[in-house]
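S.K.: Handing you this structure, nothing more for now.
Derivation of every value follows stated rules applied to the coordinates shown; laboratory data play no part. All values reported here derive from a predicted model rather than from experimental measurement. All Cβ positions, even for glycine, are placed from backbone atoms using ideal geometry, and neighbour counts span all protein chains on display.
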Amino acid sequence: MTVPADNPGVLPGKDLFSLHHIGIVTARRRYDDTVATIVACLGGVVEEQGEDEELDIQGTWLQVGSGLRLEVFAPRHRIESPITKYLSRSGGGLHHVSFETAEIGACRALAVAGGAAVIGESADHDGWAEHFLDPAQTGGALLHWMQALGREPNVPEAPQG
């Protein structure tokens, strides 16, 4: 790997965002078993369960380990959507990695300046501003940035001094 000449060794995103959650998609028929297995095998705790009408999914938020959050979700119906397309291509599994920020615009600008294509964006999806990067550019990983609207994000503050 070659470091660009204009990179002085400073990580521009270092204090800009933090890991929020990892998303796992599963078939509807395997959803309950998937959640139960993660809870049992990782000592997880169910934080929240619900449905997302816009994405037509049901989901469960699980707290596992030391501060790691997993989102397990499945399509509710058989309508064509990005989730059902992913499921038919892959059979399910790790779907996305989400980062929380207090500065969604700066995160987007950093990604675009680095040559990334933004493939999805929402100014307000269930209380979050968000954008996704094209997984074709990130080794197949769907990277997702999100900023809480109307509440403080859980982003570590930069050290003082």
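S.K.: In whole Å, what three semi-axes, largest first, describe the equivalent ellipsoid of the chain built from its Cα gyration tensor (square root of 5 times each eigenvalue)? Intermediate values should be presented prior to the final figure.
M.R.: Values: eigenvalues 164, 73, 50 Å².
Three semi-axes, in Å: 29, 19, 16.
S.K.: Compute the angle between helix 104-113 and the longest alpha-carbon principal axis of the chain, please, reported from 0 to 90 degrees and rounded to the nearest 10.
M.R.: Here the helix axis deviates by roughly 70 degrees.
S.K.: Further, regarding this structure: Quickly estimate the mean residue ellipticity at 222 nm for the chain, helices only: each DSSP H run with n ≥ 4 gives -39500 (n - 2.57), and the total goes over all residues, rounded to 500.
M.R.: Values: 3 runs with 31 residues, N = 161.
Result for the chain: -5500 deg cm²/dmol, rounded to the nearest 500.
S.K.: A further question on this structure: Take every Cα pair under 8 Å in the chain that's 6+ residues apart, average their separations, divide by the length, and report that relative contact order as a whole percent.
M.R.: 24
S.K.: Moving to a separate point now. Sorted by average packing, counted as other Cβ atoms within 10 angstrom per residue and highest first, what order do 42-55, 119-132 take?
M.R.: On the way: 42-55: 12.6, 119-132: 15.1.
In descending order of packing, they fall as 119-132, 42-55.
S.K.: To check my understanding: the extent here is largest minus smallest coordinate of the Cα atoms along each principal axis. What are those three numbers for region 101-151, in Å, largest first?
M.R.: 33, 19, 13
S.K.: What does the charge count around ALA36 come to, taking other residues whose C-beta lies under 14 Å from its C-beta (Lys +1, Arg +1, Asp -1, Glu -1)? Working shown, then result.
M.R.: On the way: positive: ARG29, ARG30; negative: ASP32, ASP33.
Combined, the nearby Lys, Arg, Asp and Glu give 0.
S.K.: Could you compute the net charge surrounding GLU47? Neighbours are other residues with a C-beta less than 13 Å from the C-beta of GLU47; K and R count +1, D and E count -1. Let's see the in-between values first.
M.R.: On the way: positive: ARG69; negative: GLU48, GLU71.
Within the 13 Å Cβ shell, the charges total -1.
S.K.: By how many nm would the segment from ALA27 to LYS14 grow when fully extended, if each residue of separation counts as 0.36 nm and the alpha-carbon distance is taken off?
M.R.: On the way: separation 13, 0.36 × 13 = 4.68 nm, distance 3.55 nm.
Length gained, ALA27 through LYS14: 1.1 nm.
S.K.: Still on this structure, I have one more. Just name one of ILE119, PHE132, THR101: the one whose Cα is farthest towards the positive end of the charge dipole of region 101-151 (beta-carbon charges, Lys/Arg +1, Asp/Glu -1).
M.R.: Comparing the listed Cα positions along the dipole, THR101 ranks first.
S.K.: Label ALA102 and THR37 with points 7 Å out from Cα along Cα→Cβ: what is the distance between them in nm?
M.R.: In this crude label model, ALA102 to THR37 measures out at 4.0 nm.
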